[in-house]
Every structure is written in C-alpha cells, then in structure tokens.
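*Asks:* Please read through the structure below; I'll follow up with questions.
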Amino acid sequence: MKRILVGIKRVVDYNVRIRVKPDGSGVVTEGVKMSVNPFDEIALEEALRIKERGAAEEVIVATVGPADCQPQLRTCLAMGADRALHVQTDTPLEPLATARVLRALTEREQPFLVLLGKQAIDDDNGQTGQMLAALWERPQATFASKVELSQGKARVTREIDAGLETIEVDLPAVVTVDLRLNEPRYVKLPDIMKAKKKPLETLTLETLGVTPRAQLKTLRYAPPAQRQKGVRVKDAAELVAALKQKGLL
Amino acid sequence: MSHHILIVAEHDGRTLNVATAKCVACATTIPDAHITVVVCAANAAAVAAQAAAVSGVHRVVTVEHPMHEHPLAAAIAPQIAALAGPYSHVLGPSSTFGKDLMPRIAALLDTVQVSDIMAVESATRFRRPVYAGNAIITVEVLGGAKVVATVRTASFQAAGTGAQAPIEAASPVAPPAHTRFVSVSAAHSDRPDLQTAGKVISGGRALGSAESFQMLYRLADKLRAAVGASRAAVDAGYAPNELQVGQTGKIIAPELYIAIGISGAIQHLTGIKDARTIVAINKDPEAPIFEVADIGLVGDLFEIVPQLEQLIG
C-alpha cells in the first residue's frame, strides 16, 4: 500500500501570548489552549491532497507524547487522516529521540513519503525531519513550498534565503514543509463525528525499541529583554528630524 | 583544555557568506577555542582564501567535489561527519543553509543539536530563544556529548579580517546519488542584502498591493536600505518570499528598521528584536508594533511615505 506518514506535535496554540513562569522553570501552559503545530497541519494537508489526487492510498498521522496528545490526533483524523499512531510517553523527548521514533515507524509502516512541519512553534528547534532523514539514510527536502511526485521521485521547491530552490529526490524521502505550501482545510462537524470511529493505536517507546537519552538539560527560562519605551512623533518632518538626530540619516 | 571547533562555511561558490564570520565570532566566545573552517565546494580556493583571512580562524580545510557546486545537505553532511571526530563543537549559521544541514550532521554523529545560539555561557552552556523569542532558555549539553549547533547570526557581530590561517585539503567521501540540484530562482537586485543591510524598510499588508510596495523600493533606494516584508504581505503576493522577516523568515539586526503598515504580530517582532532603532508607521495607534518601536508615527502610510521620500531626497 502506498502510504504517507505525517508527524505532528501538540503545541501551545499559535495565538497564545507566552508567559514565562516567575520561578524560571518553564512557560505557563496550565489552562492554555493547545493545538496541532501549524506547520504540521500544512504537512497533513499536503498528504491529504496527494491522496486525493490518487498518488497515495493511506495517510497515517503519528505523534509522540503524553496521553493529552490524543485530541490533536483526533483533529488530524477529522481533517482526513486514515489512522493515527500515538507513541505514548510522559518523558519529553529531544528531537533526535523523536527522529528515532519516526525511524522505527517508517520501518513498521514502510511509507514512500514522510511529511513534517519544518519546525515546531514551541521549542523552535527545526531538527526532527533532517535527523530522521539521516537515520533513515534517505533524502531530505526541507522548507518545501511545492511538492510534485512522479515515478519514484519528488521534485520539491524549497524556500531558502536566496529565493526558491528546486531539488529532485528519490523516494522514499522526508519533506519538511513551509508556510506557503498550502492552506489547511477547516474541520467540519460531521468529520469530527466520523473521526471518533477511525483507528487510533497506542504504542510505547519500548515496543519500538527506542531508549531516550537526555543530552540536553534546560536550566532556566527567562523572558526576553524588553526594549526601552519609544517616543511618538506627529508627522514625517518630525520623524526625519528624529532620525537625523540619531545619526541615522 | 582547548576546544576544537569546526565551522561549516556558507558560500555561493565565489564569496564567503558573512554568516560564517558571525559563526567565528560566536566560536571565539567559547573558552580556549581553536577554530577550523571547512569549505565544501566544487572549487574551494577563492572561498577558502576568504575564510583563512577571518580573524580568529586557525585553520581552513577544503573538500572539493563536483556535488558541492550547490549546497545539498545530503551531500555535505556525511563529509562533515567524516571530519568531525577530533572536534568538540561543530557550528553552522542559523540560515536556511545551516538549518537544513546541521541536524543531519548531528544525527549522523548521534549527538544533540543546540539551535539558534544567541549567547555562549561556557563550552557546554548556551542561551537560545524558544516560542518565537518570547522566552530565552539556558541549556546545558550533558555527558561530554559533541555539540552540534546553529548560530543565531543576528546575535553576533561578524569577526573582522587579518588572519592568515593555513589551508589544507581533505579528501571527499562519496556523496549519495539520491538528491539532485535542479535550479534556483533568486531575484537579483542591486539593493543591499536584507540579512546584512544596515537599514531595512519593511512593508505589511496595509500596503494593499504589489504596486504600492514599489513605493517602499523607491524610499529604500534613497536611504540605501534593503526591503523586507511581513508574512501577511508575502502571503498576499505583494513581495517575494525571500523578503519575509520574522520567526519563519529572516532574523535581522539592522541599525535602522522602518516598519510600514505592519501591525507587529509576535512572529514578526521575533525577526527584528535586535534592530538598533525601530521606526513604526501605522494608522492604528493600538498596533503592537508601537510597543517595540523607538519612534512611532501614527498616520496614513500613503501620505507619509511620499512625504518621507521628498524630505529625504
């Protein structure tokens, strides 16, 4: 079966204003809205469109994390994924360990394509996809803004600093997606009802043979440095004068 | 104990990208740093000579292979992994080049990556932004693991020149055949580069069209400034993607940043936090951009921008 595996992460919602806890132990997540990482939603949308075009037969969505992640997996099933895999663990994993989990899932599911967001908007690491590609010894195409599949190959347009780069990779491959690849669909109520009946399988790190190592310890969280309060000018002439005074014109 | 640091050079085949000199600046803040720059290229001589001149660089290693004509992570990563043995740290810039490449290297080396280093506290302790820069974390690499990292270039001043480091050639390892470069389309422009410009003028959704964005280009030319854009402006098609400034675009640190018709979403502010002076022009006095602006001007950009053009002219 031609399968696409999509990795998703549960993160603090995009619209939440982040606050660092006063004791520096983390950011406030109690009572905060959680969502599917927006880049991962784009990855899932792309997988669904590929399936709808007939180029894939099954879309599997997977996540690693505590039991709380299941609502996000259900959201993905409601968007149209065929089944979900929940690798359940209460230990926060570093990107390399997450990549190992995904590597084990590629062994299990044999996808021809793995789609992931280019980064998660919580830790902003941007590592998992590239690490998976390295462990899997397969190509990677990061920051994708266009994905075209044909005969065992993918042609991917990438958003790079200089503009747009196109590369061709043999499949299977790992593609991490950027913002402009597509616009994810809205979930409709009947789809949410249907999603409740779709298979959601729970797995453990042990069954996948992954033993996480802690190589990085977060010692403290701090709020970013605040900028000094600025001044208001009333028109263009005052603005030019202020810039000249600062030696900027 | 000296720390042997390997920096992966970013370049276009002719010129060393300034991001590399910023990585060198970061590396020099690691105690007892002994810095090697590695240049993977089809023809490395010109770039290697520039790298050898960067202050703080002790040695340059070149790896020449036709596959390195274009920087493909799948080809470069095994090369760097093969060289990395003696080094305690392997650094690259937090540009799309480094973000693509470095995690692949880290996984090949079976080690951890620290993304977006903004400050070095010790050889194993670093500060980096999370949540789009809304929190700064201090992390410690444990157990003597090799440190692979990307350097947040906006946090470091480029190292100067004047060094004369020796240049050596290393033999290439065979790159994989599964990844092939096809093309790159970049808008060539005589304007300053967005990432290195001293002055940047950015436009947002309020510009309303690609045509009105031209107004910013004219003003930018008078100020010898680069042009940037918010995500909203890029998504709306007013400006090309490579101009996007913010969490998922470019992180910049110009002397002067002028935000025109940009409301100031958190994701945009992340990209400009290190600008020396931020100017905001917006018709909404409550726009969040004013919270970070050093100089704010509330008004209609379609009146103000032409006035500025005249006043500066």
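The values are calculated or read from the model by the stated rules, or taken from the named source; none is laboratory data. Since the structure is predicted, the reported quantities are computational estimates derived from the model, not experimental observations. So basically every Cβ, Gly included, is an ideal-geometry build from the backbone, and we count neighbours across all protein chains shown. All accessible areas refer to the heavy atoms of the entire protein, side chains included, with ligands and DNA or RNA removed. Shrake-Rupley method; radii C 1.70, N 1.55, O 1.52, S 1.80 Å.
*Asks:* In degrees between 0 and 90, to the nearest 10, how far off the longest principal axis of chain B does helix B:301-312 point, with axes built from Cα atoms?
*Replies:* Relative to chain B, helix B:301-312 is tipped by roughly 80 degrees.
*Asks:* Further question on the same structure: If eta is 0.692 mPa s and T is 37 °C, what Stokes-Einstein diffusion coefficient results for segment B:51-101, Kirkwood Rh from Cα pairs, in µm²/s? Kindly include the intermediate steps, with their values, before the conclusion.
*Replies:* Values: Rh = 12.5 Å.
For these conditions, the coefficient is 263 µm²/s.
*Asks:* Amide H neighbours of B:Ala119 under 5 Å, at least 5 residues apart or on other chains, H built in the peptide plane: list them.
*Replies:* B:Arg127
*Asks:* So, one more: Take every DSSP beta bridge with both residues inside segment B:3-170 and express the antiparallel ones as a percent of the total, to the nearest 5. Walk me through the numbers on the way to the answer.
*Replies:* Details: 11 of 39 bridges.
Given both bridge residues lie in segment B:3-170, the antiparallel proportion sits at roughly 30 percent.
*Asks:* What are the residues of segment A:140-166 that lose 50 Å² or more of accessible area, with a 1.4 Å probe, going from their chain alone to all protein chains?
*Replies:* The answer is A:Gln140, A:Phe143, A:Asp161, A:Leu164, A:Glu165, A:Thr166.
*Asks:* Hey, another quick one. For B:Val90, what residues show an amide H to amide H distance below 5 Å, using hydrogens built from the backbone and excluding near sequence neighbours?
*Replies:* Result for B:Val90 returns B:Leu6, B:Val147, B:Val148, B:Ala149.
*Asks:* So which residues in segment B:162-178 end up with at least 20 square angstrom less accessible surface once the other protein chains are there, compared with the chain by itself, probe 1.4 angstrom?
*Replies:* Those are B:His178, which lose 20 Å² or more relative to the chain on its own.
*Asks:* Nearest 0.05, what FRET efficiency do B:Arg14 and A:Ile192 give at R0 = 56 Å with Cβ-Cβ as r? Intermediate values should be presented prior to the final figure.
*Replies:* Details: r = 55 Å, r/R0 = 0.98.
Efficiency, rounded to the nearest 0.05: 0.55.
*Asks:* What percent do you get for the relative contact order of segment A:1-94 when only Cα pairs under 8 Å and 6+ apart count?
*Replies:* Working: 146 pairs, mean separation 29.1, N = 94.
Relative contact order of segment A:1-94: 31 percent.
*Asks:* Let me ask something else. To the nearest 100 Å², how much accessible surface do chains A and B hide from each other in total, with a 1.4 Å probe?
*Replies:* Details: alone 15010 and 14790 Å², together 22970 Å².
The summed interface area works out to 6800 Å².
*Asks:* Once segment B:89-246 is represented by equal point scatterers at the alpha-carbon sites, with solvent omitted, what log10 I(q)/I(0) does the Debye formula produce at q = 0.18, 0.21 Å⁻¹?
*Replies:* Listed by q, the Debye log ratios stand at -1.21, -1.31.
*Asks:* With every protein chain kept in the model, how would you rank A:Asp123, B:Asp221, A:Asp178 by accessible area, 1.4 Å probe, largest at the top? Don't jump to the answer; show the numbers that get you there.
*Replies:* Values: A:Asp123 45, B:Asp221 80, A:Asp178 5 Å².
Reading off the accessible areas and sorting them downward yields B:Asp221, A:Asp123, A:Asp178.
*Asks:* To continue, here is another question. Quickly work out the B:Arg276-to-A:Glu183 label distance, labels modelled 7 Å from Cα along the C-beta direction, and quote it in nm with one decimal.
*Replies:* Each label point is offset 7 Å from its Cα along the Cβ direction, giving 4.1 nm.
*Asks:* Going by alpha carbons, how many degrees (0 to 90, nearest 10) lie between the helix axis of B:210-223 and the longest principal axis of chain B?
*Replies:* Helix B:210-223 sits roughly 70 degrees off the main axis of chain B.
*Asks:* Leaving out ligands and nucleic acids, and using a 1.4 Å probe, what accessible area per residue does segment B:230-313 come to in Å²?
*Replies:* Values: 2950 Å² over 84 residues.
Dividing the accessible area of segment B:230-313 by its residue count gives 35 Å².
*Asks:* Next question. Find, to one decimal place in angstroms, the Kirkwood hydrodynamic radius of segment B:205-267, where the mean of 1/r is taken over every pair of different Cα atoms and then inverted.
*Replies:* Working: mean 1/r = 0.0840 Å⁻¹.
About 11.9 Å, per the Kirkwood formula over Cα pairs.
*Asks:* Can you give me the long-range amide H partners of A:Met34? Hydrogens built in the peptide plane at 1.01 Å from N, cutoff under 5 Å, separation of 5 or more residues or another chain.
*Replies:* Distant-sequence amide H within range of A:Met34: A:Asp13.
*Asks:* Can you pull out the GluC sites (Glu not before Pro) in segment B:252-291 that DSSP calls coil and that have at most 12 other Cβ atoms within 10 Å? Spell out each step's value before the answer.
*Replies:* On the way: sites: B:Glu255, B:Glu286, B:Glu291; in loops: B:Glu255, B:Glu286.
Of the GluC sites (Glu not before Pro), the ones in loops of segment B:252-291 whose Cβ has at most 12 other Cβ atoms within 10 Å are B:Glu286.
*Asks:* Using a 10 angstrom cutoff on alpha carbons, build the Gaussian network for chain A and name the most mobile of A:Asn125, A:Asn15, A:Asn37.
*Replies:* Of the options given, A:Asn15 has the highest mean-square fluctuation.
*Asks:* Taking all protein chains in place and a 1.4 Å probe, what share, in percent, of the accessible surface of chain A do carbon and sulfur account for? Present the calculation step by step, with values, prior to reporting the outcome.
*Replies:* Working: 5760 of 11550 Å².
Answer for chain A is 50 percent, counting heavy atoms of protein chains only.
*Asks:* Antiparallel as a % of all DSSP beta bridges within segment A:62-192, to the nearest 5? Before the final figure, lay out the partial values.
*Replies:* Details: 14 of 26 bridges.
The answer is about 55 percent antiparallel.
*Asks:* Would you mind checking the pairs A:Lys217/B:Lys273; A:Lys51/A:Lys196; A:Lys33/B:Lys273; A:Lys229/B:Lys250; A:Lys33/A:Lys217; A:Lys51/A:Lys188 and listing those with alpha carbons more than 23 angstrom apart?
*Replies:* On the way: A:Lys217/B:Lys273 26 Å; A:Lys51/A:Lys196 21 Å; A:Lys33/B:Lys273 26 Å; A:Lys229/B:Lys250 25 Å; A:Lys33/A:Lys217 26 Å; A:Lys51/A:Lys188 19 Å.
Where the Cα-Cα span goes over 23 Å, the pairs concerned are A:Lys217/B:Lys273; A:Lys33/B:Lys273; A:Lys229/B:Lys250; A:Lys33/A:Lys217.
*Asks:* Determine ³J(HN,Hα), in whole Hz, for all residues of segment A:192-204 in sequence, where each value follows from phi through the Karplus function 6.51 cos²θ - 1.76 cosθ + 1.60 and θ = phi - 60°; x replaces Gly and Pro.
*Replies:* Each residue of segment A:192-204 in turn: 5, 5, 4, 5, 5, 9, 6, x, 10, 9, 9, 10, 10 Hz.
*Asks:* Just the number please: accessible area per residue for segment B:140-216, 1.4 Å probe, all protein chains included, in Å².
*Replies:* Working: 3890 Å² over 77 residues.
Per-residue value: 51 Å².
*Asks:* For chain A, I need the span (max minus min coordinate) of the C-alpha atoms along each principal axis, in Å, sorted largest to smallest.
*Replies:* Principal extents (largest minus smallest coordinate, Cα): 68, 43, 41 Å.
*Asks:* If I model a spin label as a point 7 Å beyond the Cα along the Cα-Cβ vector, how far apart are those points for A:Arg227 and B:Asp32 in nm?
*Replies:* Inter-label distance under the simple model: 4.1 nm.
*Asks:* Okay, which of segment B:262-281 sit inside 18 Å, backbone N to the point 7 Å along the Cα-Cβ direction of B:Gln310?
*Replies:* Answer for this model: none.
*Asks:* From zero outward in steps of 20 Å, how is the percent of C-alpha pairs of the protein assembly as shown spread across the bins?
*Replies:* Over the protein assembly as shown, the share of Cα pairs per 20 Å bin runs 21, 55, 23, 1 percent.
*Asks:* Give a residue-ordered list of calculated ³J(HN,Hα) values for segment A:113-126 (Karplus: 6.51 cos²θ - 1.76 cosθ + 1.60, θ = phi - 60°; whole Hz; x for Gly, Pro).
*Replies:* 8, 10, 10, 9, x, 6, 7, 9, 7, 8, 8, 6, 6, x
*Asks:* Considering only DSSP states other than H, G, I, E and B, which GluC sites (Glu not before Pro) in segment A:40-71 qualify as loop sites with at most 15 other Cβ atoms within 10 Å? Display every interim value, and only then the final one.
*Replies:* Working: sites: A:Glu41, A:Glu45, A:Glu46, A:Glu52, A:Glu57, A:Glu58; in loops: A:Glu57.
Counting only loop positions with at most 15 other Cβ atoms within 10 Å, the GluC sites (Glu not before Pro) in segment A:40-71 are A:Glu57.
*Asks:* Under unit Cβ charges (Lys, Arg +1; Asp, Glu -1), what dipole magnitude, rounded to 20 debye, does segment A:95-249 have relative to its Cα centre?
*Replies:* Details: 25 positive and 19 negative charges, 137 e Å.
Rounded to the nearest 20 debye, it is 660 debye.
*Asks:* To check you understand DSSP bridge types, tell me what percent of the beta bridges within chain B (both residues inside) are antiparallel, rounded to 5. If you can, show how the numbers build up before the last one.
*Replies:* Details: 11 of 59 bridges.
Counting only bridges with both partners in chain B, antiparallel ones make up about 20 percent.
*Asks:* Still on this structure: Once Rh is set to the Kirkwood radius over Cα pairs, what Stokes-Einstein translational diffusion coefficient, in µm²/s, holds for segment B:3-170 at a temperature of 20 °C and a viscosity of 1.002 mPa s?
*Replies:* Working: Rh = 15.5 Å.
For these conditions, the coefficient is 138 µm²/s.
*Asks:* I would also like to ask the following. Find the relative contact order for segment B:3-170 and round it to a whole percent, using C-alpha pairs within less than 8 Å whose residues are 6+ positions apart.
*Replies:* Values: 394 pairs, mean separation 50.2, N = 168.
About 30 percent, as a whole number.
*Asks:* Let me ask something else about it. Using packing as a proxy for protection, rank B:71-80, A:137-146 so that the peptide with the highest average count of other Cβ atoms within 10 Å comes first. Before the final figure, lay out the partial values.
*Replies:* Numbers: B:71-80: 24.5, A:137-146: 22.8.
Final packing ranking: B:71-80, A:137-146.
*Asks:* If one takes the longest principal axis of the Cα atoms in chain B, at what angle in degrees, from 0 to 90 and to the nearest 10, does the Cα axis of helix B:73-83 lie?
*Replies:* Approximately 40 degrees, to the nearest ten.
*Asks:* Note the full-extension length gain between A:Lys153 and A:Tyr14 as 0.36 nm times their separation in residues minus their Cα-Cα distance, in nm to one decimal.
*Replies:* Numbers: separation 139, 0.36 × 139 = 50.04 nm, distance 3.35 nm.
Working it through step by step, the gained length comes to 46.7 nm.
*Asks:* Taking Rh as the Kirkwood radius, which is the inverse of the mean 1/r over Cα pairs, what is the Rg/Rh value for chain B? Intermediate results must be reported in sequence, preceding the final value.
*Replies:* Details: Rg = 20.7 Å, Rh = 20.6 Å.
Ratio of gyration radius to Kirkwood radius: 1.01.
*Asks:* What number comes out for accessible area per residue over chain A if the probe is 1.4 Å? Units Å², please. Let's see the in-between values first.
*Replies:* On the way: 11550 Å² over 249 residues.
Result: 46 Å² per residue.
*Asks:* So what is the 222 nm mean residue ellipticity for the protein assembly as shown from helices alone, if each DSSP H run of at least 4 adds -39500 (n - 2.57) and you divide by all residues, rounding to the nearest 500 deg cm²/dmol?
*Replies:* Working: 16 runs with 152 residues, N = 562.
Taken over the protein assembly as shown, the calculation gives -8000 deg cm²/dmol.
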